[in-house]
Amino acid sequence: MNRGEIRTSIIESLREESDPVSVTAAELNEYIDDGYEEMAELTGAVVRDAAVICPPNEHFIALPSDCLYPIAIRDTVTGYPIDLKHWTFIDRMQNHWIRISRSRPWYTAAWDLQTLILFPAYQDGGSITITQAVIPPAIASDFDTPDLPLQHHIGLVRYGHHRALLKDADGPRLGRSLRQRNYYLESMMGLEDWAGQRHEGIRFAVYGTKLRDGERFLELGDT
């Protein structure tokens, strides 16, 4: 469903006129965007690849601004996986990690909410490809479709229905609004399950079945 079709479904669900007086088309578009952002943020269902340039000998790499969290990371040129670890794993393995650079990284870890560390750093510079859950931008037009599975677009209808009823709600409308909110949360649970399976599929495709938890100690000549 595109945004126009989602908005039409909300209006039909309200059981009012084709142009309801209680809420405008612009408000309904805003509700759809709010629901889209919330569903993406709470489930991680919207996934994008981003290529991030890594300068030479730089261990601290900023995540893209729309990134919720990385799902899998690869060296862009070779396609080789870069294992996601906790930074203490890297520090235990080599407490001078910040001084070490090689042809490409083996491990990466979150340093803070917006920064990754690479170990080792790229000696001559490079690029990593981050498959990440993202917060999507607002839907641009009535002809654009949210990046969610079609079966979960109903969640946006239910969210918009809930918000439209909530505006200037009296007792009966408030009850209807809360009921739609519950239906929306049920949709969210289904989307969360779908997203979890998708993430596992992505990790399997990048990292395979091999257990990647064993510590790898640096040799000076290792690349």
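The values are calculated or read from the model by the stated rules, or taken from the named source; none is laboratory data. All figures in this text were calculated on a predicted structure; none of them were measured in a lab. Backbone-built Cβ (ideal geometry, glycine too); neighbour counts: all protein chains shown.
Summary table
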item	result
Spans of helices (runs of 4 or more DSSP H) in the stretch 1-97 with at least 2 residues closer than 23 Å to MET188 by Cβ and of a type outside the set (Phe, Trp, Tyr)	3-14, 25-43
Looking only at the stretch 158-180, and only at residues there that are at pLDDT below 90 and assigned to a helix (DSSP H, G or I), the one that is farthest from ARG15 (Cα to Cα)	GLY171
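Residue-by-condition table, conditions (1) in contact (Cβ under 8 Å) with a residue 12 or more places away in the chain; (2) of a type outside the set (Lys, Arg); (3) in the same structural domain as ASP75 (by TED's automatic domain parsing):
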| residue | (1), (2), (3) |
| --- | --- |
| ARG104 | yes, no, yes |
| LEU118 | yes, yes, yes |
| SER127 | yes, yes, yes |
| PRO146 | yes, yes, no |
| HIS152 | yes, yes, no |
| ARG158 | yes, no, no |
| MET189 | no, yes, no |
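Rundown of residues vs (1) outside the structural domain of ALA164 (by TED's automatic domain parsing); (2) without any contact (Cβ under 8 Å) to a residue 12 or more places away in the chain; (3) surrounded by fewer than 18 Cβ atoms within 10 Å (Cβ to Cβ); (4) not hydroxyl-bearing (Ser, Thr, Tyr), yes/no style:
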site	(1), (2), (3), (4)
ILE10	no, no, no, yes
ARG15	no, yes, yes, yes
GLU58	yes, no, yes, yes
PRO64	yes, no, yes, yes
THR78	yes, no, yes, no
LYS85	yes, no, no, yes
PHE89	yes, no, yes, yes
TRP97	yes, no, no, yes
THR108	yes, no, no, no
